[in-house]
1. Within the stretch 344-351, identify whether any single residue is more than 15 Å from the ligand (Cβ to nearest atom), at pLDDT below 95 and farther than 21 Å from G307 by Cα, and answer yes or no.
2. Sort out which residues of the stretch 30-59 are among the aliphatic types (A, V, I, L, M) and touching a Ser or Thr at 6+ places or on another chain (Cβ under 9 Å), and write them in order of number.
3. Checking I430 against (1) within 23 Å of M275 (Cβ to Cβ); (2) surrounded by 24 or more Cβ atoms within 10 Å (Cβ to Cβ), only one condition comes out false. Which one?
4. Can you name the condition, by its number, that I14 falls short on among (1) within 10 Å of the ligand (Cβ to nearest atom); (2) over 24 Å from G440 (Cβ atoms); (3) not in a helix (DSSP H, G or I)?
5. Only strands (runs of 3 or more DSSP E) wholly contained in the stretch 102-202 count here; list those with 2 or more residues that are open to solvent by less than 30 Å² (accessible area, probe 1.4 Å) and touching a residue at least 60 places away in the same chain (Cβ under 8 Å).
6. Taking the criterion of being modelled with pLDDT of 95 or more, assigned to a helix (DSSP H, G or I) and open to solvent by less than 80 Å² (accessible area, probe 1.4 Å), would at least one residue in the stretch 465-482 satisfy it?
7. Exactly one of these conditions fails for G54: (1) under 28 Å from E214 (Cβ atoms); (2) near the ligand (Cβ under 10 Å from one of its atoms). Give me its number.
8. Assess whether V207 counts as being over 28 Å from S50 (Cα atoms), open to solvent by less than 30 Å² (accessible area, probe 1.4 Å) and either aliphatic (A, V, I, L, M) or more than 13 Å from the ligand (Cβ to nearest atom) (or both).
Amino acid sequence: MAQPSLSKSDPINIVGAGVFGLSTAIHLAQRGYTGVTVFDKHAYDDSQYSYFKGADAASADINKIIRSAYGGVSIYQDLTLEAIEGWKRWNKDLASGVVRPPGMSRNDRVFINNGNLIMTDGDELPDFDQATVTSMENAGHHDTQLVTTDARHRQVAHAKGLGFAIDAFRREQRGKSNVAVLDTTGGTALAGKACRFALHKARTLGVRCILHPETGAVDSLAHSPQNPRKVIGIKTRDGKAHLAALTIVACGGWTPALLPQLDGLCEATAGSVAMIKVPRTSPLWDRFAPENFPSWVWKMRDGAEGGLYGFARDEDGWLKIGYRGTKYTNPITQPDGVERSVPATRWSPTTLNGRQLTAIPQQAEKVIRRFMAENMPELVEEGLDIVKTRICWYNDSFDNHLVIDFVPETAGLMVATAGCGHAFKYFPVIGKYVVDIVEGKELSRPCIKAWRWRTLEKGAVPANVLMEGSKGARSLLNTQLVWDEEVQGPSVRARL
Ligand SMILES: Cc1cc2nc3c(=O)[nH]c(=O)nc-3n(C[C@H](O)[C@H](O)[C@H](O)COP(=O)(O)OP(=O)(O)OC[C@H]3O[C@@H](n4cnc5c(N)ncnc54)[C@H](O)[C@@H]3O)c2cc1C
């Protein structure tokens with residue numbers, strides 16, 4: 001389906017200034033659409049996409065993993081390889097000064113090609129990782145996926161300047177197994193900086209951006225008085241209506257609450273993040289520098305006892321470890337009587353049992369600490385511990401595919417969402433696909449088909465079980481939480 005009557009000068013509303021919204025805005029503008037406005041409830045010009053300054057969207061983060069390793073799932077493998085070219089172009093635009101976002105300089109980068117180490121604690125490579133190696137080789141990307149137990153691959157890693165990543169946690173020195181795949185195409189996206197870059201780029205291309213808790217916050221969709229199945233724009237919190245020929249909702253974890261039609265297709269789920277601060281004076285400053293340390297994932301397909309990922313320290317010393325082994329929810333009864341999971345963070349007005357959510361689940365803390373004890377003993381030796389935690393909201397689909405499509409039986413309304421845990425890496429290019437769908441171009445491409453509006457077939461087993469509600473075991477209400485003041489170890493508490 002396309003939006004046949006759309007002309008290049010028609011007003012288009014995009015709700016959400018995260019990866020999906022900004023990328024769509026850029027690609028619409030580059031294709032000649034002149035009436036694009038991005039609305040967001042968060043004042044990004046003030047916070048500069050910093051979580052520490054109140055930005056709690058998934059896209060507003062220190063860093064995200066870029067990896068083309070996808071276990072042979074070619075649509076995302078190909079999309080990532082295309083996106084990596086985009087990331088390199090964005091780095092070049094910064095270095096040459098062609099794009100100069102406020103507060104950023106020619107020395108800033110948005111992508112660091114420091115590799116992504118995909119680890120297991122077993123003695124054999126899991127089938128998924130083996131499939132990645134085979135699939136990339138078959139696709140002609142020779143020696144991009146390097147197995148740490150293969151002597152030739154280790155040499156290749158050194159030749160590529162990524163030798164440091166082969167045994168990033170020095171497990172071999174400690175007599176432990178080191179079975180992993182090093183994805184040399186990937187590494188780290190500097191997330192907040194990339195958002196600032198994209199916002200600035202969108203503006204220079206003529207996109208209007210209204211980023212404000214009143215004037216940018218969309219309270220509801222505006223329907224045609226003559227035809228309730230036609231969306232004619234949006235209503236913002238300040239009471240204003242903004243009419244548009246097309247409205248694209250790209251609100252990440254907030255999308256299902258705004259668009260209840262997504263029930264059963266998408267749900268907001270929480271991941272847990274722990275942050276350790278490495279002082280500039282510490283010997284670990286260099287040890288964990290992005291020039292010496294890759295991004296990594298650990299036991300990503302091992303359920304509640306696995307699902308970790310992490311990064312080199314950033315320029316301020318933040319060393320971040322995330323837990324995704326359990327996908328938590330925050331079900332809240334909505335005005336229509338249905339319980340839907342709604343993002344709650346330390347910065348949101350939504351509270352958990354009347355308390356701001358400055359906590360992470362105990363299970364997340366346990367798995368993170370166990371990993372740190374086994375793989376990062378130097379942190380303990382240096383007296384470094386977790387000093388900050390964050391709950392970060394994904395929008396998951398039942399099959400882990402994105403959802404980019406027109407909303408069925410509703411004219412003038414599209415959705416671009418369900419990034420699950422993997423859409424940040426597509427930032428430079430995903431908007432191109434959204435615009436293709438707007439224009440009805442090459443809709444038979446496998447990725448576009450995978451992203452269509454869909455329902456779970458009867459009897460099919462979903463990758464993610466959705467909408468278990470407040471009685472579900474993954475509801476934060478039923479989860480033991482560890483609050484910020486408790487998560488900080490005694491040595492940290494003494495120093496704060
Ligand atoms: C903890 C975590 C780790 C991740 N790690 C990775 C990774 O390593 N690699 C990777 O590729 N991907 C990763 N992802 C996934 C990636 O971050 C997301 O898929 C992507 O950022 C989602 O972008 P988005 O635009 O859909 O949503 P968001 O970034 O959440 O943006 C949605 C925007 O909509 C705005 N909004 C919401 N409601 C309204 C409203 N009513 N009115 C106006 N504005 C509104 C919000 O303020 C927000 O700015 C991770 C996600 C999380 C949560």
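1. The initial filter retains those residues of the stretch 344-351 that are more than 15 Å from the ligand (Cβ to nearest atom), namely 351.
Those left that are additionally at pLDDT below 95: 351.
When the remaining residues are screened for being farther than 21 Å from G307 by Cα, the result is 351.
Yes, there is a match, as at least one residue in the stretch 344-351 is more than 15 Å from the ligand (Cβ to nearest atom), at pLDDT below 95 and farther than 21 Å from G307 by Cα.
2. Let us first name the residues in the stretch 30-59 that are among the aliphatic types (A, V, I, L, M), namely 36, 38, 43, 55, 57-58.
V36, V38, A55 - these are the residues of the stretch 30-59 that are among the aliphatic types (A, V, I, L, M) and touching a Ser or Thr at 6+ places or on another chain (Cβ under 9 Å).
3. Answer for I430: the failing condition is (1).
4. Every condition holds for I14 apart from (2).
5. It comes to 116-119, 180-183, 187-189.
6. no
7. It is condition (2) that G54 fails.
8. Here the answer is no, as V207 does not meet what is asked.
The values are calculated or read from the model by the stated rules, or taken from the named source; none is laboratory data. Small disclaimer: the values here were computed from a predicted structure and weren't measured. No Cβ is skipped: glycine too gets one built from the backbone with ideal geometry, and neighbour counts run over all protein chains shown. Keep in mind that these areas ignore ligands, DNA and RNA; they rest on the heavy atoms of the full protein, side chains included. Shrake-Rupley method; radii C 1.70, N 1.55, O 1.52, S 1.80 Å.
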